[in-house]
Amino acid sequence: MKNKELIVDNGKLAREDWEHLKLKDVTKVIGGGTPKTSIKEYWSDDVVWLSPTDLPEIGEIVEVSDSIRKISNLGLKKSSAKLLPIGTVCFSSRASIGKIGISKVELATNQGFKNFVCKENLYNKFLAYALKFLTPKITGLSNSTTFKEISTTAIKNVEIPLPPLPEQRRIVSKLDGLFAEIDASLALIDQNIEQAEALKLSVLDEEFGVKGKSWSNLTKVGKVLSAISTGTTPSKKIKDYYNSDDIEWFKPADFDDKRKYLKESRDNLSNKSIKDKKARIFKKDTLLLVAIGATIGKIGLVYKETGSANQQITGMNFKSKIFPEFSYYWFKYIKSTIVRNASSATLPILNQKGIKDLPFNYPDNIDDQQKIVQKLDALFKEIDGLVSDYQQKREDFEAL
């Protein structure tokens, strides 16, 4: 029969001469289960036991031969989990709907999966690609808005296009080749982005490390500060302190590595919070440092005449001999020292004393500091432009 054009109609992708069959007609659909966690004998290294966390992000199709946790043969027998044959297509059907794995070994899954054992007329890798394509439609079958889950009945009645078996294999071979090319391109783009970001560190090291050796002002941060203070969070119970356009109130999520100045915050405080002394004001050009949490070391300068920040952030004002933007780049240069000097507790913290003890070096002439800033501004802008181009290419390949 002459091949006909691919058509897309109401979520279906197929040639006009392909059948559309329900999953229950071309697969055996098997659920999963979890042995009682309180019974140690149910848990050992006998059987690979898949959970959605064992699979990568939605959109990827992977072969599976191992799992983080495993169950015993007794646990398999005493639970609703079933031993699935090699080649089973495992599809996560609750919460994160659409993770796909193909078993390379006999395994079981938890109840977060609908598992498909293909009949003779269906190639498992073709099914995996079809499920990938149909994931948005399948997700829409969930009858819950809070905890999404697809019922066995609903997924059994999902239709897939079914060309002849040789055509299924040809399609899979073509898709495998195309995705391999795209993945290789993505890997190269990621490498280019990584190298571009590393170039920033090289540039900073050239200015502050190599050329900085000629400066004779190596000291501690505390010696060049005129003021240092930590932000606060006003009581959320007093609504009048929030939902205002009066004062920008910065949190770590508001910091952007590509922006020297913090121009906009997600939340704002009212003048009342300042009047009641429940928030701290930072003046224009104050250097703000994230000193608590996973993003410790992030920095930014206050852009407007006044700003504020929460308790994870410390504000620093420098003496007149230090150009504020010079301090911004210096703290970028010593970020690794900041991270290293933070406490090793569960939540990394660098207190005010720790900040004051950080190294600081600068040229005497403030004009020289400004020239360094101008040079770094230009170089960082150029590097960020390259990164932006690479990221756009990455998005284009992801869309492809």
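The values are calculated or read from the model by the stated rules, or taken from the named source; none is laboratory data. Just so it is clear, the structure is predicted and the values come from calculations on it, not from any experiment. Glycine also receives a Cβ, built like all others from the backbone with ideal geometry; neighbour counts cover every protein chain displayed.
Key figures for this structure:
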item	result
Condition check for Ser51: assigned by TED's automatic domain parsing to the domain that holds Ile30, small (Gly, Ala, Ser) and either over 25 Å from the mean Cα position of the chain (by Cα) or within 26 Å of Phe397 (Cβ to Cβ) (or both)	no
Cβ pairs under 7 Å, 6+ apart, first in region 71-92 and on the phi > 0 side of the Ramachandran plot, second part of a loop (DSSP other than H, G, I, E, B)	none
Criterion violated by Glu305 - all others in (1) touching a helix residue (DSSP H, G or I) at 6+ places or on another chain (Cβ under 6 Å); (2) more than 30 Å from Pro359 (Cβ to Cβ) satisfied	(1)
Of residues in region 249-306 being assigned to a strand (DSSP E or B) and among the polar types (S, T, N, Q), the one surrounded by the most Cβ atoms within 10 Å (Cβ to Cβ)	Asn268
Residue count for region 272-300, restricted to those that are within 21 Å of the chain's Cα centre (by Cα) and hydroxyl-bearing (Ser, Thr, Tyr)	1
Single residue of region 221-238 satisfying the filter (within 17 Å of Ser308 (Cβ to Cβ) and loosely packed, with under 15 Cβ neighbours inside 10 Å) that is modelled with the highest pLDDT	Ala227
Checklist (1) in contact (Cβ under 8 Å) with a residue 40 or more places away in the chain; (2) under 30 Å from Ala196 (Cα atoms) applied to Glu264, failing item	(1)
Pairs where the first residue, in region 94-107, is in contact (Cβ under 8 Å) with a residue 60 or more places away in the chain and the second is in a strand (DSSP E or B) and buried (at least 18 other Cβ atoms within 10 Å of the Cβ), C-beta under 9 Å, 6+ apart	Leu107/Val47; Leu107/Val48; Leu107/Trp49; Leu107/Leu50; Leu107/Val64; Leu107/Leu84; Leu107/Cys90
Odd one out for Glu197, checked against (1) over 27 Å from Arg394 (Cβ atoms); (2) part of a helix (DSSP H, G or I); (3) in contact (Cβ under 8 Å) with a residue 24 or more places away in the chain	(1)
Selection from region 116-136 of residues that are part of a strand (DSSP E or B) and either surrounded by 22 or more Cβ atoms within 10 Å (Cβ to Cβ) or at pLDDT below 95 (or both)	Phe116
Hey, Tyr362 modelled with pLDDT of 95 or more and more than 25 Å from the chain's Cα centre (by Cα) or not	yes
Scan of region 208-241 for residues that are in a helix (DSSP H, G or I) and in contact with a helix residue (DSSP H, G or I) (Cβ under 6 Å, 6 or more places away or on another chain), ordered by number	Phe208, Val221, Gly222, Asp240, Tyr241
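Matching residues to (1) touching a Cys at 6+ places or on another chain (Cβ under 9 Å); (2) farther than 27 Å from Val221 by Cα; (3) modelled with pLDDT of 95 or more; (4) aliphatic (A, V, I, L, M):
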| residue | (1), (2), (3), (4) |
| --- | --- |
| Glu248 | no, no, no, no |
| Leu269 | no, yes, no, yes |
| Ser273 | no, yes, no, no |
| Lys277 | no, yes, no, no |
| Ile281 | no, no, no, yes |
| Gly300 | no, no, yes, no |
| Gly307 | no, no, no, no |
